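Q: Please find one structure pasted underneath; my questions will follow.
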Amino acid sequence: MKNIAVIGAGAAGMMAAVAAAESGAQVTIYEKNEKAGKKIYITGKGRCNVTNNADTDMFFGNVCRNPKFLYSAVYAFDHDSVCDFFEKNGCHLKVERGDRVFPVSDHSSDIIGTLVRYLQRLHVKIEYKSEVTAIEYKDDAVVSITVNRKEKIPVDAVIVCTGGISYESTGSTGDGYRFARKAGHSLSQPFPSLVPLEVKESWVKELQGLSLKNVSVKMVVCEDDKEDEVKAGAKAEVKTLGVVKKEESAPKKKKKSKAGKSVYEGFGEMLFTHFGISGPLILTASTCYEEGTKYKIHLNLKPALTKEQLDKRLIRDFEEGNKKVFKNILGGLFPAKLIPVMINLSGIAPDKKVSEISKAEREKLVNLTQDLVMTVTGTRGFNEAIVTKGGVNVKEIDSSTMESKFRKGLYFAGEVLDLDAVTGGFNLQISWSTGHLAGLCAAEE
């Protein structure tokens, strides 16, 4: 019987332990927190978006980086397999808008509880407050681990499921990156992804808490991002292995202009905050954000209407309320909290009679409604990022087993790898699939 150590009791780690134990291995999970599934607990605003019900081919279209690497893992354990696992173990699921799958209870704790109880039935040990501080090798094969810097435990295989460096409070502090580097692996630079965006415009703060539905967003490279000489090392501060540092300066080189290029377009929901913007649309847009590039967000508040249709609606509203003043005619068009901002940005006096509003003023209001522009100044960083973009180089991992190509018995699964997807349950599916495959293969004699 193989003795397998799983590092991390998150989604990938617990599913890896399930697969390995079902295959006959003796499995112990080492978790440095006091409980399992800390990050699962906060996903989906505490409801846990378990997976996405889209068919498997569509799944790959929602993976941002290295989707082909996932073929073996996902086809072996897809969204149907995930749903079957939880349903058979007493956690009933439901499908909501966008094919997002949640527990019927709307409690992420039920997902965690289901996994922990099943692991107990499989006699998997979960050692809490147990931090793996080193992995030891002999002849390039795993032989032992060190826990809490003192206890050395012999093992036949190790599955690293430590996550990235987003939401550090959940325990994701870059441990897996350190293990990978010490084993000879390279990393793709980690960046925050699925993260709220900060914007320059001060009027955004007045809209704090306002949620908009059925709007469209386009993120465009700023027009002032023109071709010039830039330092390759002159990026914003980035985080490597849990430490913030500035990249070293490099020789000057030409930066090809992308000014005016649209990098993301989407339709759905967004939220205004005290610092900028968030919500599903913005989180997905953030997957296209690159450090060192300037962007503008173009928000269309009425994407279902053409400019001509919106103008005709305004004309009708103005004719029906021709005795009203401008500030009292917009209730049918905008949420109450948005009206003062739109009035101010339109330049039309709030007490001006609608019968006196000129065609040019009306056209400006139409353009403003369908192209409300915000300047992105940055992201909210790793502390608010749902996932980490970047991680262990997947070219150095066997995609059919999740085993290191450099060290026998060393496996990686989940967010620690250079894999990420858009919002909607796809990132958790990556964790379930890669964890399951790693567990199966690690348990093979």
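Q: Looking at 36, 135, 77, which one has the Cα that reaches farthest to the positive end of the dipole of region 1-142 (charges on Cβ: Lys, Arg +1; Asp, Glu -1)?
A: 36
Q: To continue, here is another question. Contour minus end-to-end for residue 146 and residue 337, with contour as 0.36 nm per residue of separation and end-to-end as the Cα-Cα distance?
A: Once the chain is fully extended between residue 146 and residue 337, it gains 63.2 nm.
Q: Another question about this same structure. Can you tell me what the convex hull of the Cα atoms of region 12-128 projects to on average, as an area in nm²?
A: One quarter of the hull surface, i.e. the mean projection, equals 7.7 nm².
Q: Using Cα atoms only, what is the angle between the long axis of helix 307-320 and the major principal axis of the chain, expressed in degrees (0 to 90) to the nearest 10?
A: 50 degrees
Q: Quick one: of 182/395; 32/150; 213/327; 39/294, which pairs are farther than 25 Å apart, Cα to Cα?
A: 39/294
Q: Which whole number in µm²/s is D for the chain by Stokes-Einstein, with the Kirkwood Rh taken over Cα pairs at 20 °C and 1.002 mPa s?
A: 90 µm²/s
Q: Please turn the phi angles of region 20-35 into ³J(HN,Hα) values with the Karplus equation 6.51 cos²θ - 1.76 cosθ + 1.60 (θ = phi - 60°), one per residue in order, whole Hz, x for glycine and proline.
A: Per residue, the Karplus-derived 3J(HN,Hα) values read 5, 5, 4, 8, x, 7, 8, 10, 10, 9, 10, 10, 7, 7, 8, 8 Hz.
Q: Can you pull the one-decimal nm distance between simple spin-label points at residue 88 and residue 41, each 7 Å off the Cα toward Cβ?
A: The answer from the label model is 2.9 nm.
Q: If you line up the long axis of helix 359-370 against the longest principal axis of the chain, both from Cα atoms, how many degrees apart are they, to the nearest 10?
A: 10 degrees
Q: In whole Å, how far is the Cα centre of region 154-213 from that of region 254-320?
A: Region 154-213 and region 254-320 have Cα centres spaced 25 Å from each other.
Q: As a test of the formula, what do you get for the chain when each DSSP H run with n ≥ 4 contributes -39,500 (n - 2.57) and the sum is divided by the residue count, at 222 nm and rounded to the nearest 500 deg cm²/dmol?
A: -8000 deg cm²/dmol
Q: Which whole-number percentage describes the relative contact order of region 324-432, with Cα contacts under 8 Å and a sequence gap of 6 or more?
A: Contact order relative to length: 17 percent.
Q: Tell me which residues come under 5 Å, amide H to amide H, from residue 133 once H is placed; ignore anything under 5 positions away on its chain.
A: HN-HN under 5 Å from residue 133: 146, 147, 148, 149.
Q: What aspartates and glutamates sit close enough to residue 337 to cross-link, taking a C-alpha to C-alpha distance under 16 Å and skipping anything fewer than 8 places away on the same chain?
A: 206
Q: Let me ask another. Given the pairs 307/359; 35/125; 2/125; 88/125; 138/405; 38/125, which are separated by over 20 angstrom at their Cα positions?
A: Correct reply: 88/125.
Q: How long is the gain from residue 324 to residue 128 if the chain were fully straight, where each residue apart is worth 0.36 nm and the alpha carbon distance is subtracted?
A: 63.9 nm
Q: If you don't mind, there's one more thing I want to ask. Can you give the relative contact order of the chain as a percent, counting alpha carbon pairs under 8 Å and 6+ residues apart?
A: Relative contact order for the chain comes out at 26 percent.
Q: Another question about this same structure. Report, in debye and to the nearest 20, how large the dipole of the chain comes out about its Cα centre when Lys and Arg carry +1 and Asp and Glu carry -1 on their Cβ.
A: I would put it at about 1140 debye.
Values quoted throughout were computed directly from the atomic coordinates according to the rules given, and no laboratory measurement underlies them. Values in this document were obtained by computation on a predicted structure and should not be read as measured data. Virtual Cβ from ideal backbone geometry, glycine too; neighbours counted across all protein chains shown.
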